[in-house]
Amino acid sequence: MAQANRQIVLDRLPQGDRLAPDHFRLAEAAIPQPGEGEVLLRTRYISLDAANRAWMQGATYRAALSSGQVMAGGTLAEVVESHVDHLKPGDAVFADTGWQDYAVLPGKRLAKLPDLEPMTHLLSVFGVAGLTAYFGLLECGRPKAGETVVVSAAAGSVGSIVGQIARIKGCRVVGVAGGAEKGRWLVDELGFDAAIDYKAGGLRQQMKDAVPEGIDVYFDNTGGEIFETCLFAMKNFGRIACCGAVSQYDGAAPPHGPRGIPGLIVTKRLTLRGFVVMDFDDQREAALKELQGWVASGQIKVQEDIIDGLENTPAALIGLLNGENRGKRMVRVR
């Protein structure tokens, strides 16, 4: 075991500026020692999500981050030392360790994960990303065969799975992503019916061309202009699943909110539902069983974007916010 605990500290909070490497610093601390009922964990993989940036803006479904603390984040971790009966050294768990090599957490909050290869699937398709896609689309969007589903941030960890599940359910699927290369990947590799490049300009016209008869279900990961464009393209009685707003997390606040609210919600009789994946914990096992079946049959292709080195975590998050990744981005801690 290492002699020190490397940590990525959130040195200062962004104040209207975009996230940059100098908002973080690398520090070292003593490796913590577990007490009664506690477990010492070694971080193996750090999950990177747009929500990491949202936590810097204030309290959400978790407490707001503050400067000087170890940067928060969920991880795939290995039990090193256990003072609880249900976990033993070598077990894998999902834990909120933050960005560091080692952490001590209460054992009652942790559950052993199944032995699975590759274990990274426990962070992607069988982790928060896959479950968010599953529940957000099926429970909030409620698509029916033959309907048109549009998903934003479609090449990301959640959006790429949303689109594939919608195809499994017999829907026509359109993905919104940044760049022609991502669009080709969505269509050629993941089976989307069409892709819209929001970086190419003319978003309204692109949307009209891609969904001439309108949208039945919109899965929103971005907010902002893309949300507004889809709102105007919704069919009557359409459903919008609000998962995230990555376009609004980094930098200064937008000058105004999306137009068409509440007018279009009323006239089109739309249903908007916000959610977080924990809302559906009671259905988790059934969802995982179905996701595992789809992966095994090849109906879902899993794309993972793995960056090496704890010290590279800040740059990896900044890159994710800039749309560098395809699929689930994570950091392998050496």
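The values are calculated or read from the model by the stated rules, or taken from the named source; none is laboratory data. The model shown is predicted, which means the values in this text are computed figures rather than measured ones. Cβ: placed from backbone, ideal geometry, glycine included. Neighbour counts: every protein chain shown. What goes into the accessible areas is simple: the full protein's heavy atoms, side chains included, and nothing from ligands, DNA or RNA. Shrake-Rupley method; radii C 1.70, N 1.55, O 1.52, S 1.80 Å.
Quick notes on this one:
- Tally, over the range 87-97, of residues that are within 17 Å of the chain's Cα centre (by Cα) and open to solvent by less than 10 Å² (accessible area, probe 1.4 Å): 1
- Screening LEU138, LEU186 for residues that are more than 21 Å from GLY274 (Cα to Cα) and within 20 Å of the chain's Cα centre (by Cα) leaves exactly one candidate, LEU186.
- Matching residues, the range 168-179, being on the phi < 0 side of the Ramachandran plot, surrounded by fewer than 24 Cβ atoms within 10 Å (Cβ to Cβ) and either free of Cβ contacts under 8 Å to residues at least 40 places away in the same chain or part of a strand (DSSP E or B) (or both): LYS169, ARG172
- Unique match (being under 26 Å from ILE300 (Cα atoms) and modelled with pLDDT under 95) among VAL246, VAL211, VAL158: VAL246
- If the condition is being without any contact (Cβ under 8 Å) to a residue 60 or more places away in the chain and on the phi < 0 side of the Ramachandran plot, then the range 308-334 contributes ASP308, ASN312, GLY319, ASN322, GLU324, ARG334.
- Residue list for the range 95-121, restricted to those being over 26 Å from VAL295 (Cβ atoms), of a type outside the set (Ser, Thr, Tyr) and assigned to a strand (DSSP E or B): GLN100, ALA103, VAL104, LEU105, PRO106
- Residues located in the range 198-214, provided they are touching a residue at least 12 places away in the same chain (Cβ under 8 Å) and surrounded by fewer than 19 Cβ atoms within 10 Å (Cβ to Cβ): LYS199, ALA200, LEU203, ARG204, LYS208, GLU213, GLY214
- As a summary of the residue check, SER124 satisfies the conditions (1) open to solvent by 70 Å² or more (accessible area, probe 1.4 Å); (2) under 20 Å from GLU304 (Cα atoms); (3) not in a strand (DSSP E or B); (4) not basic (Lys, Arg) except for the one numbered (1).
- Single residue of ALA154, ALA129 found to be small (Gly, Ala, Ser) and part of a loop (DSSP other than H, G, I, E, B): ALA154
- Scanning the range 153-168 for residues that are of a type in the set (Gly, Ala, Ser) and under 12 Å from the mean Cα position of the chain (by Cα) returns ALA153, ALA154, ALA155, GLY156, SER157, GLY159, SER160.
- From the list VAL84, VAL151, the lone residue that is out of contact with any Pro (no Cβ under 6 Å at 6 or more places or on another chain) and open to solvent by less than 10 Å² (accessible area, probe 1.4 Å) is VAL151.
- The sole residue among LYS182, LYS144 that is in a helix (DSSP H, G or I) and touching a Lys or Arg at 6+ places or on another chain (Cβ under 9 Å) is LYS182.
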